[in-house]
1. Treating the angle as unsigned and between 0 and 90°, give the value, to the nearest 10°, between the Cα long axis of helix 246-266 and the longest Cα principal axis of the chain.
2. Roughly what % antiparallel, to the nearest 5, for the DSSP beta bridges in the chain?
3. Determine the principal axes of the Cα atoms in the chain, then give the extent along each, sorted from largest to smallest and rounded to whole angstroms.
4. Please state the relative contact order of the chain as a whole percent: Cα pairs under 8 Å, 6+ residues apart?
5. Can you list residues from other chains, or at least 5 along the same chain, whose modelled amide H is less than 5 Å from the amide H of Ser26?
6. Tell me the mean residue ellipticity at 222 nm calculated for the chain from its helices only (DSSP H runs of n ≥ 4, each -39500 (n - 2.57), averaged over every residue, nearest 500).
7. Remind me, relative contact order of region 247-380 in percent, using alpha carbon pairs under 8 angstrom and six or more residues apart?
8. Please work out how much length the chain gains when fully extended from Arg241 to Met30, using 0.36 nm per residue of separation minus the C-alpha to C-alpha distance, in nm with one decimal.
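The values are calculated or read from the model by the stated rules, or taken from the named source; none is laboratory data. No experiment lies behind these values; they were computed from the predicted model shown. Heads up: the accessible areas ignore ligands, DNA and RNA and are worked out on the full protein's heavy atoms, side chains in. Shrake-Rupley method; radii C 1.70, N 1.55, O 1.52, S 1.80 Å.
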Amino acid sequence: MTTKGKNSLCIHEGEIKDTQFGGAVSPIFMASSYPFLDVDQNRYPRNFNTPNQEVVAKKVAALENAEAGLSFGSGMAAIATALLAFLKAGDHAIFPNAIYGGTYNFVVKEFPQYGIEYDFTDGVAPSDFEAKIKKNTKVIYLETPSNPLLTITDIKSVATLAKNKGLITMIDNTFASPFNQTPIDLGIDIVMHSATKYLGGHSDILAGVVVGTMDHIQKVKLKGINFGGNLSDFMAYLLERSIKTLAVRVKRHNENAQILAAYLEKKSEIKKVYYPGLKSHTGHEIAKEQMHGFGGMMSFELDDNLDAVAFQKALNMIKPSLSLAGVESTILLPTLTSHSLMSQEDRKKTGINDHLLRFSVGIEDVEDIKGDLDQAIKSIS
Ligand SMILES: *Cc1c(COP(=O)(O)O)cnc(C)c1O
């Protein structure tokens with residue numbers, strides 16, 4: 001493992017030297033055909049081993065302090081492949097109740113077809129995970145900070161609990177990014193990202209990443225070769241380019257979000273702000289322990305008499321957007337979008353209501369973002 005700092009890793013780790021022309025950046029190798037070397041060693045895009053795919057895998061693995069990694073064509077391809085690499089018919093897995101909508105949908109729609117059992121926790125405390133462990137439990141899955149309420153799970157405690165029981169732990173580290181949180185240092189086995197978000201960062205890439213030990217990644221790779229959800233070399237090149245600025249981008253996301261969360265919390269028109277960097281957040285103390293920064297994601301709830309749809313329409317610079325973690329500030333209503341697939345009853349249990357807005361804080365001038373929020377609140381009050 002490398003000893004370079006994160007800024008240097010973002011820029012240099014895994015890069016391909018251009019030996020032909022001496023160019024400053026990794027060349028793109030688009031070939032889908034390479035010479036036959038030996039069984040298991042042949043380069044082929046579906047084998048996760050083209051030069052550009054390997055750059056991304058090495059970069060993210062280094063940033064996550066992991067031994068190895070794989071790149072995928074989407075976050076869901078990464079998550080689905082990793083889950084099915086460690087779960088088979090008759091096994092049981094535990095998921096937090098606060099979880100990305102797509103993952104929730106994958107579990108409830110696909111698992112029954114594979115004969116895999118699952119439970120969602122009632123809360124995100126380690127004891128909530130422990131309470132769901134059964135004889136056939138194989139995997140504990142974490143997502144912290146979670147989407148959309150930024151709930152925080154004590155990673156180290158759950159990882160220790162799982163280790164003692166011989167269970168595999170997996171975490172969706174998308175919201176934190178490897179700059180703000182490195183779960184492998186806390187005992188997690190498998191770390192996954194929707195690289196569509198902070199790793200990509202410019203709202204123009206769909207990609208996913210899985211990292212872990214050599215052994216674990218080999219297992220995911222064998223499953224992935226069968227499912228074929230690989231990242232194209234062109235996208236791998238774009239993702240490498242994006243990750244070069246991850247450290248500076250995330251630093252700015254963190255700074256802007258902290259300022260805006262504190263600002264919104266003081267406003268009378270805002271009922272509640274969910275941001276792990278706020279002392280008022282239930283997970284603040286744990287977040288302080290396990291995160292290197294609090295991230296650029298937050299949610300806030302408008303007062304009952306204010307219409308969230310009208311608020312969203314009144315914004316000028318902040319864009320309504322399904323996705324998140326781009327350099328531009330974006331906002332959405334979870335009940336109409338990311339969590340529309342979740343049943344009304346399950347939404348209620350997790351505290352997602354019609355007044356809640358998920359806010360992805362961009363890296364614009366913080367005064368401009370503040371100004372846009374202000375004028376929108378005024379215009380609907
Ligand atoms: C977006 C997202 C995913 C899914 O990633 P895709 O790249 O859209 O497939 C998974 N987890 C979280 C937390 C996300 O935000």
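1. That works out to roughly 20 degrees.
2. Working: 22 of 39 bridges.
If I count the DSSP bridges inside the chain, around 55 percent turn out antiparallel.
3. 68, 56, 34
4. 18 percent
5. HN-HN under 5 Å from Ser26: Ile16.
6. Working: 14 runs with 148 residues, N = 381.
-11500 deg cm²/dmol, from helical runs alone.
7. On the way: 212 pairs, mean separation 37.8, N = 134.
The normalised contact order for region 247-380 reaches 28 percent.
8. Details: separation 211, 0.36 × 211 = 75.96 nm, distance 1.61 nm.
The Arg241-Met30 span can extend by a further 74.4 nm.
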